[in-house]
Amino acid sequence: MPTIQSIAGELEPHPDVALIERVRGGDLSAYDLLVRKYERQLFRIAQHITQNREDAEDVMQDAFLKAYEKLEQFQGNSKFYTWLVRIAVNESLMRLRKRRTGKMVSIDEDIETEEGSVPRDLADWAPDPEQNYNQAELGEILRKTIQGLPQGFRIVFVLRDVEGLSTEETAETLGLSIPAVKSRLLRARLQLRERLSRYFHRKKAIKETGVGK
Amino acid sequence: MTCKEFLAHLDDLIDDSVTAEVRAELETHRGRCTHCEVIFNTTRKTIEIYRSHEIYELPTSLRDRLHTAIMARCKKAC
Ligand SMILES: [Zn+2]
């Protein structure tokens, strides 16, 4: 429900708008600020999609260059960041296509469609389960786990939950319907949860030990 | 409310976008069903962990190098 504050907030122009105006007026230093502001996010997103560091470096550079060249086409009815992310997602998918020549790559890849199954794994997690691992181990677990998700789920989870785009922005960025984003998000979250359970589940009570797994 | 219905609202509950009425029903179900309580807590925790741990960090030296390269290419494109 919109509050008076949120309505007022919408009327206030996003700080990027002024920077973009300056860039359009020929001030490259304003673009420098925009690049600084979003380069880490773009690199992360590219890395999540391509799963390759060199590709992510290229994607990040190409996306910022492309955005700069196409800045005239930026309408301003979406956020600059969302527009930028869309360019980066497309660049990443293109890069993947080049890599796997002959194989089509899209965000629809690997999506099975059966819906609404209730997860069976009941194991509760230890309190603060990540503390049972050091930073390097935890990073490895999190990377491995998210890399195992189907591409189309992974991108939705990354944009929506990691990078904080809204459902609407995620849909717009990926060219998906809102229900499609919602259904993928739920399944991405549940699959990640289930996979992480292997590492984070509570140690079994004494009477249960020795019963396998 | 069945577990399946609970699951259908799980995202909305996590994202805090349910009406007070539905929320009350969901909370009641959670209170009665360990299964859904576990799924709710661990799913929320999953999101929190991914949000708080940057798994693809951009080291400063690489960041500077890429930044310089981007700006140089933009300058050339002017
Ligand atoms: Zn239940």
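The values are calculated or read from the model by the stated rules, or taken from the named source; none is laboratory data. Please read these numbers as outputs of a predicted model, since none were measured by experiment. Glycine gets a Cβ as well: all are built from the backbone with ideal geometry, and neighbour counts include every protein chain shown. We work out accessible area using only protein heavy atoms, side chains counted, and drop any ligands, DNA or RNA first. Shrake-Rupley method; radii C 1.70, N 1.55, O 1.52, S 1.80 Å.
Specify the residue with the greatest mean-square fluctuation among B:T28, B:T60, B:T43, computed from a Gaussian network of chain B linking alpha-carbon atoms under 10 Å apart.
The residue with the greatest mean-square fluctuation here is B:T60.
Return one whole number: the accessible area per residue of chain B in Å², for a 1.4 Å probe. Write out the running numbers ahead of the final one.
Working: 4290 Å² over 78 residues.
In whole numbers, chain B has 55 Å² accessible per residue.
Ignoring everything but the protein chains, give the 1.4 Å probe accessible area of B:T34 in square angstrom, nearest 10.
100 Å²
Leaving ligands, DNA and RNA out of it, work out the accessible area of B:T19 with a 1.4 Å probe and give it in Å² to the nearest 10.
About 90 Å², ignoring ligands and nucleic acids.
With a 1.4 Å probe and every protein chain kept in, tell me what percent of the accessible surface of the protein assembly as shown is carbon plus sulfur.
Carbon and sulfur atoms account for 51 percent of the accessible area of the protein assembly as shown.
Can you list the aspartates and glutamates whose alpha carbon is less than 18 Å from that of B:K76, not counting same-chain residues fewer than 8 positions off?
A:D27, A:D32, A:D58, A:D62, A:E69, A:E72
Need one word for the protein assembly as shown: rounded, prolate or oblate. Basis is the Cα gyration tensor (sqrt eigenvalues a ≥ b ≥ c); a/c below 1.5 gives rounded, then a/b vs b/c decides. All intermediate terms of the calculation are to be shown ahead of the outcome.
Numbers: a/c = 2.15, a/b = 1.59, b/c = 1.35.
Prolate is the answer for the protein assembly as shown, as a/c is 1.5 or above and a/b outweighs b/c.
Where does each of B:S52, A:S92 land when they are ordered by accessible area, with a 1.4 Å probe and the largest first? Write out the running numbers ahead of the final one.
Numbers: B:S52 80, A:S92 0 Å².
Result, largest first: B:S52, A:S92.
Please work out the C-alpha center-to-center distance from the range B:48-65 to the range B:1-38 and express it in whole Å.
About 34 Å separates the Cα centre of the range B:48-65 from the one of the range B:1-38.
With a 1.4 Å probe and all protein chains in place, put A:M60, B:M1 in order of accessible area, largest first.
B:M1, A:M60
Going down the list A:K70/A:K98; A:K66/B:K45; A:K79/B:K45; A:K37/B:K75, which pairs span over 26 Å between their C-alpha atoms?
A:K66/B:K45; A:K79/B:K45
Which order do A:I49, B:I14 take when ranked by solvent-accessible area (1.4 Å probe, heavy atoms of all protein chains), largest first?
B:I14, A:I49
May I ask for the distance between the Cα centers of the range A:15-59 and the range A:139-195, given as a whole number of Å?
After rounding, the separation between the Cα centres reads 22 Å.
Using the heavy atoms of the protein chains and a 1.4 angstrom probe, tell me the accessible area per residue for the range A:61-101 in square angstrom.
For the range A:61-101, the per-residue accessible area is 50 Å².
I'd like the interface area for chains B and A: accessible area of each alone minus the complex, both sides summed, 1.4 Å probe, protein heavy atoms only. What is it in Å² to the nearest 100?
Roughly 4500 Å².
Unpartnered cysteines of the protein assembly as shown (Cβ-Cβ under 4.7 Å counts as a partner)?
B:C3, B:C74, B:C78
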